[in-house]
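One structure below.
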Amino acid sequence: MSGSVRALGAAVLVAAGLSGIGGCAASTEASGASRETRTTGTVLSVTRVSPVDAELSWHGKAPGAAGRIVEFATEPGGPWTILTYAPLGQTTYRHPDLIPKTHFSYRVRPYYGPASRPVDVTLPKGAFTKAEQRQEHTWAPPRTIRRAGVRTSPVRRPSATPTDLRATVMHANGIRFTWTDHAAGERGYLLEDRPRGGGSFRPVAVLDPDINSFGLITLPNEKRASYRVRPFVYGERSNIARITTGERPAGRG
């Protein structure tokens, strides 16, 4: 799951032959992953609002969760692809421009894990220049910096909270983040941000377990923003809701 939500979302969808998916698509799971957790009280439904557009809605409680992931698959056993990391209060999701005449399955799952204290970052003015784009950005790939003597705890315990989060400005559109990993058994890490004036934090990158160094290329609205990191594990999944798409309407791509 390493890499940026923004970058990997596009790559996953192109490979799957899909388009038009918003949110934070990030990663896939192998076939059979649905057997990892049992169904919860969360109830999911899906409605085909046009031959190639789906509207999902769900209800149910997830005490202590940081949010929910929304996933889809086009085969009964997966693989499952994450469409978005939804805030806990979100209860709907629109999945547009689907492949015609195809079976789609959906499920939602809460995710859990403590967030670090945020750090505020102010970047210099300037766009992401061609010269910067040509740089190797060797500081950016996700990596694990080994540190001796660090105690770890299961992800859902407060003692698993990441510490020592630092943000180093590498250029006008690049930030390197490092932190101390105190989590054991996490499914991965989320890097979350809240641009100045934004209402809540949102995931912008999904990283592999044990990662504690990562570089982010920012968007124009992130010149001033707060950032935090969070280890996470998944909770129990909802029921699986299914639709079959129809013919693509005339005039739509």
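The values are calculated or read from the model by the stated rules, or taken from the named source; none is laboratory data. Treat the numbers as computed from the prediction; the structure is a model and nothing was measured. All Cβ positions, even for glycine, are placed from backbone atoms using ideal geometry, and neighbour counts span all protein chains on display. Ligands, DNA and RNA are stripped out before the accessible areas are found, and what is left, the full protein with its side chains, is counted by its heavy atoms. Shrake-Rupley method; radii C 1.70, N 1.55, O 1.52, S 1.80 Å.
In the context of the full set of protein chains, region 97-253 has a per residue accessible area of 51 Å² (1.4 Å probe). Against the empirical 2.2 N^0.38 Å (N residues), region 177-242 has a Cα radius of gyration ratio of 1.31. Semi-axes of the equivalent ellipsoid of region 66-182 are 33, 25, 15 Å, computed as sqrt(5λ) over the eigenvalues of the C-alpha gyration tensor in descending order.
Annotation: amide H-H contacts under 5 Å for Ser213 (H modelled 1.01 Å from N, sequence separation of 5 or more, or interchain): Arg143, Ile145. Extending 7 Å from the Cα toward the beta-carbon at both Arg196 and Lys101 defines two label points whose distance is 5.4 nm. Rounded to the nearest Hz, the phi-derived 3J(HN,Hα) couplings of region 149-162 under the Karplus curve 6.51 cos²θ - 1.76 cosθ + 1.60 (θ = phi - 60°) are x, 8, 7, 10, 9, x, 4, 7, 8, x, 5, 8, 4, x, where x marks glycine and proline. Extension gain for His59-Ala131 works out to 21.1 nm (0.36 nm per residue, less the C-alpha to C-alpha distance). Here is the list for region 108-209: trypsin sites (Lys or Arg not before Pro) lying in DSSP coil, each with at most 13 other C-beta atoms within 10 angstrom of its C-beta, are Lys125, Arg146, Arg147, Arg151, Arg196. Each residue of region 212-229 was assigned a 3J(HN,Hα) from its phi angle through the Karplus expression (A = 6.51, B = -1.76, C = 1.60, θ = phi - 60°), giving 9, 8, 7, x, 10, 8, 8, 9, x, 7, 10, 4, 10, 7, 9, 10, 8, 10 Hz with x at Gly and Pro.
In order along region 175-188, phi translates into HN-Hα couplings of 10, 9, 10, 9, 7, 9, 8, 10, 8, 10, x, 6, 7, x Hz, rounded to whole numbers, per the Karplus curve 6.51 cos²θ - 1.76 cosθ + 1.60 with θ = phi - 60° and x for Gly and Pro. Based on the alpha-carbon gyration tensor of region 127-253 and its eigenvalue square roots a ≥ b ≥ c, which shape applies: rounded if a/c is under 1.5, prolate if not and a/b is larger than b/c, or oblate? Taking the square roots of the gyration eigenvalues as a ≥ b ≥ c, region 127-253 is oblate.
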